[in-house]
Amino acid sequence: MFRRTPVVFAASLAAAALALGACAEKTPDTDTPAAGGSPSAATFPVTVGELTLERRPEKIVSLSATATEMLFAIGAGPQVTAVDDQSNFPADAPKTDLSGYQPNAEAVAAKDPDLVVLSDDRNKIVEQLTTLKIPVYLTPAAQTLDDSYRQITELGTLTGNATAAADVVRRMTDDIAKIVAEVPQRAEALTYFHELGPELYTATSKTFIGSIYSLAGLENIADASDADGKNGGYPQLSQEVIVKANPDFVFLSDVKCCQQSAATVKARSGWSALTAVRNDQVVELDDDVASRWGPRVVDLLRTIVDATAKVSQ
């Protein structure tokens, strides 16, 4: 789960790399949560890492927006009884005022969960819940697509929806492979700037989000600025650096949180001369889709590829 303020966002995603999923064949859109598998056929107890569940969980609390998307995608939605205040997809998720950023063990325990899914161990919440004998599964920010696939698979195992989870992973890898196959071969790669916030924090190619752009065949103007890795892949660029780099595209993931748009970018000092601005190649992303590592990462890649495909080779 990524907070929408760029500084905390950068701290949350501490590292990443590039990974590919492969296969072929057309499959349904990942925006629609998958139908449930066959929970009755699942055999318990099951073990994932150090966590063993004796029976199928029926009162799951998710304190991670990404985990919530994963759970509903694999058909475990009916088992989810409460989610955090940032979980806004799908729309019918049982939203509460529980916080994933400042989790409160007593508030979580009051929901009487038989499984809690978290993306961060804040406030020593794992230890507190474990002391209360509440099972906890951590889904930390993905570093690669393979991390996403693994989390989806493990959630399928833990919730008794292994078959549906395998189907989701298969759809994702198939769809990603198909989209990547459509990426035009260019003599010179198009360049881009991915904006996390108006303070001009960004992500390099070694981050999870950067790896998605790499799949689209794009070159990141931020890579040189973080060559020594001291920013963990999330440097803050100056306006001068961005203007000098003159990216072909600017992708905004701060539209909802910070009211940024193609118009506000154009109004910035010195930005009106950028290639991205002059050619109407400032792309407004969905903040949530661009900051999560669940099934909708396929939609993010599709948006990026569709936007850049319009540029003549």
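The values are calculated or read from the model by the stated rules, or taken from the named source; none is laboratory data. In this text the structure is predicted, and so the values were computed from the model without any measurement. Neighbour counts are summed over all protein chains in view; Cβ atoms, including those assigned to glycine, are modelled from backbone coordinates with ideal geometry.
Table: residues versus (1) at pLDDT 95 or above; (2) surrounded by fewer than 21 Cβ atoms within 10 Å (Cβ to Cβ); (3) among the β-branched types (V, I, T).
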{"position": "Q151", "(1), (2), (3)": "yes, no, no"}
{"position": "E154", "(1), (2), (3)": "yes, yes, no"}
{"position": "G160", "(1), (2), (3)": "yes, no, no"}
{"position": "T163", "(1), (2), (3)": "yes, yes, yes"}
{"position": "V180", "(1), (2), (3)": "yes, yes, yes"}
{"position": "A189", "(1), (2), (3)": "yes, yes, no"}
{"position": "H194", "(1), (2), (3)": "yes, no, no"}
{"position": "F208", "(1), (2), (3)": "yes, no, no"}
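Among the residues examined, S211 qualifies as among the small types (G, A, S) and assigned to a helix (DSSP H, G or I).
Close contacts from the stretch 121-148, counting a first residue that is closer than 22 Å to K206 by Cβ and a second that is in a helix (DSSP H, G or I) and of a type in the set (K, R), with Cβ to Cβ under 9 Å and a gap of 6+ residues or different chains, come to A142/R150.
Scoring L218 on the criteria (1) surrounded by fewer than 22 Cβ atoms within 10 Å (Cβ to Cβ); (2) touching a residue at least 12 places away in the same chain (Cβ under 8 Å); (3) over 18 Å from the mean Cα position of the chain (by Cα); (4) not assigned by TED's automatic domain parsing to the domain that holds A109 leaves a single failure, condition (1).
Evaluate the following for A93: is it at pLDDT 95 or above and touching a Phe, Trp or Tyr at 6+ places or on another chain (Cβ under 7 Å)?
On the way: at pLDDT 95 or above: yes; touching a Phe, Trp or Tyr at 6+ places or on another chain (Cβ under 7 Å): yes.
Taking the combined requirement at face value, the residue satisfies it.
Within the stretch 150-200, the residues that satisfy the criterion of being in contact with a Phe, Trp or Tyr (Cβ under 8 Å, 6 or more places away or on another chain) and charged (D, E, K, R) are E154, E195. A residue that is surrounded by 14 or more Cβ atoms within 10 Å (Cβ to Cβ), of a type in the set (G, A, S), in contact with a strand residue (DSSP E or B) (Cβ under 7 Å, 6 or more places away or on another chain) and modelled with pLDDT of 95 or more cannot be found anywhere in the stretch 6-28. Which residues, counting only those in the stretch 112-122, are more than 26 Å from V289 (Cβ to Cβ) and either surrounded by fewer than 17 Cβ atoms within 10 Å (Cβ to Cβ) or β-branched (V, I, T) (or both)? Within the stretch 112-122, D112 is the sole residue that qualifies. For the stretch 85-109, filtering for residues that are surrounded by 19 or more Cβ atoms within 10 Å (Cβ to Cβ), in contact (Cβ under 8 Å) with a residue 40 or more places away in the chain and part of a loop (DSSP other than H, G, I, E, B) leaves 4.
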